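The structure appears below as structure tokens.
The values are calculated or read from the model by the stated rules, or taken from the named source; none is laboratory data. Quantities reported herein were computed from a predicted structural model and do not represent experimental measurements. Reconstructed Cβ throughout: ideal geometry from the backbone, glycine too, with neighbour counts over all protein chains shown.
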Amino acid sequence: MTEGMEARITHPKSKSKTAPVVAARGDRSKRLLDLVMLLLRARSPVTFRTIREQFVAYKTANVDAGLRAFERDKADLLELGVPVRYLAPDEDDALEEGGYVVDLKRYRLPEVSFTPEEISSLVLAASVARAVPGGSTPKIVDLTLRKLAFDMPELPDTPSELPWSGRAVTSREPVLVHFPVEKSPNARAIGDRFAQLESATRGRKRVSLRYQSASTGAVQDRDVDPYGLAYRQGSWVLVGYCHLRSGVRSFRLDRMSEVKIAPKPKSPDFERPADFDVRTYVTRSPWTFATQAPEIVELEIHPEAADVANEDFGETAERSPGPNESVRIRFSCANFDFAISRILAAKGGIVVRQGDALREQLRKQIKHLEGYYGA
């Protein structure tokens, strides 16, 4: 109860005929809380007569009006998940008259238990989070695991097995796991970078960073509205709106430097699109990536490279049958580096039928390879 109350709830078994009444309050939610506390503290079912003596809202001149007010409050508590019910004397021989109780078996959550498969999934997710060096992430992960298995012994930095046991889990079999550890010399910097970007993502703060392009190696300054962080193919990736490219892009943390968060941390700098899903973005096909100006391309894919024809070329891609059981795919290509790598890997199984810019880059790449390895 809060300080300064003019009256307090008495025990339901009190014999006092002048039991104090709870002071009238404008906030109805406080009355509901007081009602729950009264029922939880009671050692036996509480009659409506006793409840009525405790609350001004029920102590009306007309008893039925007070009962209706109580029933409305009880209905609200049931809707909130508080299992209030009436216990009649014929349900318990020890009762002289019926009263209201909170069903504790339904009100209190059961102990958490996990199957071996669920435990493995939790440990795997924790191992990914622990891959971020530095910052508070590893400590938070350890604390979370200990809450799920509170009597779990201390863990080494890179355990080979976790001796799960106790009431928090159902399995006593060890779970084999490897915690990936970043070995690069800038591991600590990546961890600090992750902490900065995670904070900026939660606070919707714009970040400025120096970024090295994977395709050209050029270093540029970028202003990014961070939408989310994802762990993909062994690296942490920031997904957000790039003001330089005027579109959503992804940035690997190990290619960043000089990350700065915009001032005024309590004032958001942008609104994240309501329909944007970071998971969907990072799992999209590389054929749909936009790393340069797009060009309409048509590829003729022969049976020896048939698996490529089943890949995702984007929602606007058009497929049609080609000669000799081939498949022709016409789409907007803006990721020439990836397209060239797939074309070369097919060893003649993919032919470029349309796309002058792609053809020119492909010729340059082949010429470079001839000069490197010899014609």
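Tabulated results
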quantity: Which listed residue, of G355, G348, is exposed (fewer than 14 other Cβ atoms within 10 Å of the Cβ), touching a helix residue (DSSP H, G or I) at 6+ places or on another chain (Cβ under 9 Å) and more than 21 Å from R245 (Cα to Cα); calculated: G348
quantity: Hey, T288 under 23 Å from L244 (Cα atoms) and out of contact with any helix residue (DSSP H, G or I) (no Cβ under 7 Å at 6 or more places or on another chain) or not; calculated: yes
quantity: Which listed residue is of a type in the set (D, E, K, R) and in contact with a strand residue (DSSP E or B) (Cβ under 6 Å, 6 or more places away or on another chain), from R342, R319; calculated: R319
quantity: Selection from the range 252-279 of residues that are out of contact with any helix residue (DSSP H, G or I) (no Cβ under 9 Å at 6 or more places or on another chain) and within 24 Å of F336 (Cβ to Cβ); calculated: R252, R255
quantity: Residue check, S250 assigned to a strand (DSSP E or B), in contact with a Lys or Arg (Cβ under 8 Å, 6 or more places away or on another chain), under 24 Å from A214 (Cβ atoms) and not basic (K, R); calculated: no
quantity: The one condition in (1) at pLDDT 90 or above; (2) assigned to a helix (DSSP H, G or I); (3) surrounded by fewer than 18 Cβ atoms within 10 Å (Cβ to Cβ) that W287 fails to fulfil; calculated: (3)
quantity: Hits in the range 192-212 (condition: surrounded by fewer than 21 Cβ atoms within 10 Å (Cβ to Cβ) and either part of a helix (DSSP H, G or I) or out of contact with any helix residue (DSSP H, G or I) (no Cβ under 8 Å at 6 or more places or on another chain) (or both)); calculated: D192, A195, Q196, E198, S199, T201, R202, G203, R204, S208, R210
quantity: Candidate set: the range 318-357, residues that are outside any strand (DSSP E or B) and touching an Asp or Glu at 6+ places or on another chain (Cβ under 6 Å); chosen: the one nearest to A305 (Cα to Cα); calculated: G349
quantity: Verdict on P156 being exposed (fewer than 13 other Cβ atoms within 10 Å of the Cβ), outside the structural domain of N335 (by TED's automatic domain parsing), in a loop (DSSP other than H, G, I, E, B) and modelled with pLDDT of 50 or more; calculated: no
quantity: Residue match in the range 74-91 (condition: surrounded by 16 or more Cβ atoms within 10 Å (Cβ to Cβ), part of a helix (DSSP H, G or I) and of a type in the set (G, A, S)); calculated: no
